[in-house]
Amino acid sequence: MWIRKQIEIGWSDLLFALNVSFFSRLPDRRNALSLIAKIWPENDPVVSLSVRTGFDCMLQSVRWPTGSEVIMSGLTIPDMPRIVERNGFRVVPVDINEATMAPDVDAVARAITPYSKALVIAHLFGKRIPLEPFAELAKKHNLLLIEDCAQAFSAGDSGSSIANVSMFSFGPIKSSTALGGGILQIRDDEIRNRMRSIESTYPQHSNRKFGRRVLKYLGIKAASNRRCAGLLFSALRVAGYNPDRVVSSLARGFAGSDFFARIRQQPSTALLSLLARRLQSFDSLALNRRIAQANRLSYRLNNLRLAGSSSKVSESLATVDSSESTYWVTPVCTRDARSAQQLVAELSQHGFDATRRSSLSVVEPTRPAKSPAISATQITALPVASSIVDRMVFLPLCDGMQVSDLDQMARIANRVCSRSSQNVPSLLRFE
Ligand SMILES: *Cc1c(COP(=O)(O)O)cnc(C)c1O
């Protein structure tokens, strides 16, 4: 079974992390932080336990009036809008465009009110959204422009200088993972200083707890090679579990009660040491291999398009351009929920662990406090983002997949999707 997503960290990094978590005498925290700052391409990065920690801390530092509005692109992980609301602000989502996975600039412009304070753009699936038009709008209306690059890190990257804030995640399933950690580039001295003083009051996450996380991911990495994963999936099925659900539940960070107490911690020294090490040795060869695989897959797909791929794709495995997309994950949008389900089922029969599950969800607007007069229809719906979530299938791209594997996956996808387009009347396309 080609697993849906391999964690992007090597055995030697995991062993290093185990050692600093459990065995070595306390490594030097300040040393790790200054190493990170030295490798990071821009001055003064704020290093947090996670992007969610940093984002929450930033919102505690901005001093906007309660009820201020934060405009957000309409598809992201649900904790991000939750954090906005917890800080007393209102979430105003804007729908995204299927071709670009970005909100339309006009739609953002329409969402701006005198209460708007910030615009959060999430770069999804590894693809970078050009920020220029959003930066122009933000400047005109005095909004803080925040880019969420949690899914789009590659080496030597600290975000776009025209954003006020750029956020990068090194959480367990992210590129170049340190099994945790977030780096925020805050291009405003005042906010950055306030964030530092708030974070300094947080308790420190313990090295031992971090070590337990390292052990968990050692196990996951061991189990995610092609053979083990196949055995494990069969075993889970025999035992009556749904492997799809089990695997997707493994990736959940900060699960359990009291979310805010969990994110409001400083990273452990072990995490900082691992993060410094990961930044120092970015695996650009692995990234290039993945981009080449995505290009090949893209080239072989007929009616489906990989999110993040440009319109011109080439057969060659040699053309690699990471400025377009890092292909952190490779979803395709099928025609409807039913064909998405069929595609997952057929790929699974041929040893490809594709999935419709992701941590993303459609952003819901903050409802007006206690005003039953407002009907549900007045609450903005995001038809495109909702439809994408229904129809999206994440195709696995694993190190070790050959051209023949990619072509086989594309053939299955082409077959399933052309069949379902004949069966389903086009009127039903948008449910
Ligand atoms: C993963 C992710 C985050 C959160 O990152 P953490 O470091 O895990 O808090 C935020 N936004 C998006 C779009 C993500 O994919």
How many residues, within region 200-218, are under 18 Å from ARG264 (Cβ atoms) and touching a helix residue (DSSP H, G or I) at 6+ places or on another chain (Cβ under 6 Å)?
-> 1
Among the candidates ARG86, ARG25, residue that is loosely packed, with under 15 Cβ neighbours inside 10 Å and at pLDDT 95 or above = ARG86
Expected output for region 27-49 (first residue in contact (Cβ under 8 Å) with a residue 40 or more places away in the chain, partner of a type in the set (Asp, Glu) and surrounded by 16 or more Cβ atoms within 10 Å (Cβ to Cβ), Cβ below 8 Å, 6+ apart or cross-chain) is PRO41/ASP157; VAL46/GLU199; SER48/GLU199
Go through (1) under 13 Å from VAL70 (Cα atoms); (2) at pLDDT below 95 and name the single condition GLU98 misses.
-> (1)
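If you scan region 139-162, which residues turn out to be of a type in the set (A, V, I, L, M, F, W, C), over 22 Å from ILE112 (Cβ atoms) and either within 15 Å of the ligand (Cβ to nearest atom) or in contact with a strand residue (DSSP E or B) (Cβ under 6 Å, 6 or more places away or on another chain) (or both)?
Scanning region 139-162 gives CYS149, ALA150, ALA152, PHE153.
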Select from region 108-127 the residues that are without any contact (Cβ under 8 Å) to a residue 40 or more places away in the chain and either buried (at least 19 other Cβ atoms within 10 Å of the Cβ) or β-branched (Val, Ile, Thr) (or both) and write down the one among them that is farthest from VAL70 (Cα to Cα).
-> HIS123
By residue number, the members of region 136-162 that are aliphatic (A, V, I, L, M) and either under 17 Å from VAL70 (Cα atoms) or free of Cβ contacts under 8 Å to residues at least 12 places away in the same chain (or both) are LEU137, ALA138, LEU143, LEU144, LEU145, ILE146
Residue check, THR100 under 23 Å from VAL384 (Cβ atoms), surrounded by fewer than 21 Cβ atoms within 10 Å (Cβ to Cβ) and within 16 Å of the ligand (Cβ to nearest atom) = yes
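The values are calculated or read from the model by the stated rules, or taken from the named source; none is laboratory data. In this text, all values refer to a predicted model and were calculated from it rather than measured experimentally. Using ideal geometry, Cβ is built from the backbone for each residue, glycine included, and neighbour counts are taken over all protein chains shown.
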